[in-house]
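The values are calculated or read from the model by the stated rules, or taken from the named source; none is laboratory data. Since we're looking at a predicted model, the values are computed, not measured. FYI the Cβ positions are ideal-geometry reconstructions off the backbone, even for glycines, and counts take in every protein chain you see.
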Amino acid sequence: MAQPFILPALLFPVGAAIDAQASSQQAIYAGLDALLSVVPLDLCAYLHLPASSGPQLYLRRPDLSGLDSSAAFNLFGALRDAAASDRPEIPGYNTVFVSTSGPGSRGLHAIGRRDEKLDEHERAIIDALCRATAAVAHTMESTQKRYEPGRVAVEITGDIVNAHVEVLAGDERWTGRAERATAHEAVCAAALDAVHPEVSLTAARPVDIGDAKAAVVLVEGASTQRLGSALYQENGDPLFAFAVAALEAAESVPAPRD
């Protein structure tokens, strides 16, 4: 007989101020962790797709910290392609997809195993839990204060690129500076310096997607890694897109605990 499954509750202190971004992340990761506690999985991922910014990847399996940058970019690309397809698939996995949407965002859970397929009971658990946690994420999305680059500037001196990035969030603004060997790496590092100096840049690279390109950025902070991305056209501003992608990645890094 199949064991009953109880959805976990997310509790916030009465009267406490709720950080929308942290609460959304908490809901997503609580759902992914709950799935792993009751269903053996090789793939446990959620791709959050805000209407006004690039996709954000939340991953429990495989462990992102155990992947090199190429494998991480490939998995992110497969999930992004799956979100845009009528017949989604993730190569190498027997995957169940759960699509959701809210006032200002869409989402795609990709849950699966390499060898065995998921049975009907497991699929029911996955569907219920994914929809419950995504509903929280979509609701919180509409209340979040988003970072966005206001100004991006670079200066090249010899083999070193100096970048200056001004970041806006509502009425607030911050500035960051960084030096790197390439312009897009310098811009990403400067964007991180502006809002989350404790988050470090792991990799940044352009990726071709049809007639457009994507700036894809991998960052590390709070003992975890996160991906961010932003599209730009051939005649667009790639450095601005890399700043956007870096900020998207930084926003999804869990807040440090007191």
So, in segment 36-57, of the ones that are polar (S, T, N, Q) and modelled with pLDDT of 80 or more, which residue ends up surrounded by the most Cβ atoms within 10 Å (Cβ to Cβ)? Gln56
Glu179 being assigned by TED's automatic domain parsing to the domain that holds Phe242, surrounded by fewer than 16 Cβ atoms within 10 Å (Cβ to Cβ), more than 20 Å from Ala241 (Cβ to Cβ) and touching a strand residue (DSSP E or B) at 6+ places or on another chain (Cβ under 6 Å): yes
Just checking, does segment 169-178 include any residue being touching a residue at least 12 places away in the same chain (Cβ under 8 Å) and assigned to a helix (DSSP H, G or I)? no
Residue check: is Asn162 outside the structural domain of Pro40 (by TED's automatic domain parsing), at pLDDT 95 or above, over 19 Å from the mean Cα position of the chain (by Cα) and not acidic (Asp, Glu)? yes
Any residue at all in segment 64-82 that is in contact (Cβ under 8 Å) with a residue 12 or more places away in the chain, among the charged types (D, E, K, R) and in contact with a helix residue (DSSP H, G or I) (Cβ under 9 Å, 6 or more places away or on another chain)? no
Of all strands (runs of 3 or more DSSP E) completely enclosed by segment 184-245, which ones contain at least 3 residues that are of a type in the set (S, T, N, Q) and assigned by TED's automatic domain parsing to the domain that holds His48? none
Kindly check whether there is at least one residue in segment 87-97 that is farther than 30 Å from Pro206 by Cβ, of a type in the set (Val, Ile, Thr) and in contact (Cβ under 8 Å) with a residue 60 or more places away in the chain. no
Within segment 180-202, identify whether any single residue is among the hydroxyl-bearing types (Ser, Thr, Tyr), under 17 Å from Gly54 (Cα atoms) and out of contact with any Ser or Thr (no Cβ under 7 Å at 6 or more places or on another chain), and answer yes or no. no
